[in-house]
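The block underneath contains the structure these notes are about, expressed in structure tokens.
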Amino acid sequence: MSTYRLMIMGPPGAGKGTQAKLLVDHFGFAHLATGDILRAEVKGGTDLGKQAKAFMDRGDLVPDSLINAMIGAHIQKSLAKGFLLDGFPRTVPQAEAIDDYLSEHEIPIDAIFNIQVDQDLVVDRIVNRITCVGCGAAFHAVSNPPKEEGICDHCGGKTQRRADDEESKIRNRLNEYNTKTQPVVDYYRGKTGLVQDVDGQRAIEAVQEELRAKIGSIAD
Ligand code: AP5
């Protein structure tokens with residue numbers, strides 16, 4: 001079986017986490033979601049979690065120095081089965097740092113998926129989002145609710161609303177995306193031929209089918 005090294009990008013609410021979890025179930029690579037990693041650090045009360053919490057609660061990006069210091073260890077642990085980076089890199093300095101790290105360790109990226117959605121749609125998606133406390137899986141209160149209220153379909157964990165999913169915070173997260181993360185997509189478009197745009201406004205299953213086909217077509 002192939003070992004894939006992938007990135008998934010897109011604004012808050014694009015469906016990155018939803019698609020990533022389905023891809024992981026299918027292909028078996030590791031899901032390296034910096035948002036999930038940070039939320040686990042906050043929950044665990046670690047030094048990193050304490051430093052990150054205020055930024056996350058406001059919907060601001062966490063400083064590059066904290067993120068860059070933590071990601072290498074997660075990548076190293078995932079090398080044998082491959083990985084999908086979700087929500088990282090999110091600034092051009094993060095992209096430059098990870099590119100240096102990957103090239104130093106001879107870890108080439110196979111593809112970068114850029115999920116595109118209208119930003120009014122993502123506000124609706126996020127205010128209706130229900131998230132699993134255990135595995136981070138996302139549901140939508142109207143279009144994709146858990147089969148049993150309050151219980152995650154994937155791991156049986158408890159579901160709740162995320163602290164940063166209020167409308168005012170979402171607007172700030174979108175602003176952070178537009179000013180700091182969209183330039184990362186442009187950076188990779190200019191630098192590599194790896195960026196593949198995917199229309200994220202379709203049904204979850206249709207987006208998933210396209211992503212699986214694109215990954216399946218990556219040469220060994
Ligand atoms: P993070 O957890 O990465 O949040 P995000 O990028 O804002 O993305 P979301 O998780 O909100 O959205 P998603 O695209 O995964 O959508 P989802 O699948 O859930 O980051 C949180 C915070 O951590 C940041 O604000 C920052 O503070 C910090 N952080 C993280 N990484 C960082 C970094 N590298 N540098 C600095 N700071 C960092 O879907 C959303 C909803 O839509 C769900 O309800 C879902 O069911 C529904 N949905 C999904 N797809 C569809 C579809 N096709 N049709 C209908 N509904 C759909």
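Summary of computed values
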item: Total residues in the range 23-34, condition in contact (Cβ under 8 Å) with a residue 60 or more places away in the chain, in contact with a helix residue (DSSP H, G or I) (Cβ under 8 Å, 6 or more places away or on another chain) and surrounded by fewer than 20 Cβ atoms within 10 Å (Cβ to Cβ); result: 2
item: Long-range neighbours under 8 Å by Cβ, at least six apart or interchain, first residue over 21 Å from ARG171 (Cα atoms) within the range 48-71, second within 7 Å of the ligand (Cβ to nearest atom) and among the charged types (D, E, K, R); result: ILE67/ARG90
item: Residues (more than 10 Å from the ligand (Cβ to nearest atom) and either in contact with a helix residue (DSSP H, G or I) (Cβ under 8 Å, 6 or more places away or on another chain) or basic (Lys, Arg) (or both)) located in the range 41-68; result: GLU41, LYS43, LEU48, GLY49, LYS50, GLN51
item: Positions within the range 146-198 being among the basic types (Lys, Arg) and either assigned to a helix (DSSP H, G or I) or within 30 Å of GLU96 (Cβ to Cβ) (or both), in sequence order; result: ARG162, LYS169, ARG171, ARG173, LYS180, ARG189, LYS191
item: Residue satisfying all of: in the range 102-138; away from the ligand (no atom under 11 Å from the Cβ), assigned to a helix (DSSP H, G or I) and modelled with pLDDT under 95; farthest from SER65 (Cα to Cα) among these; result: ASP120
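The values are calculated or read from the model by the stated rules, or taken from the named source; none is laboratory data. Just so it is clear, the model here is predicted, and its values are computed rather than measured. Here the Cβ is made from the backbone with ideal geometry for all residues, glycine too, and neighbour counts use every protein chain on show.
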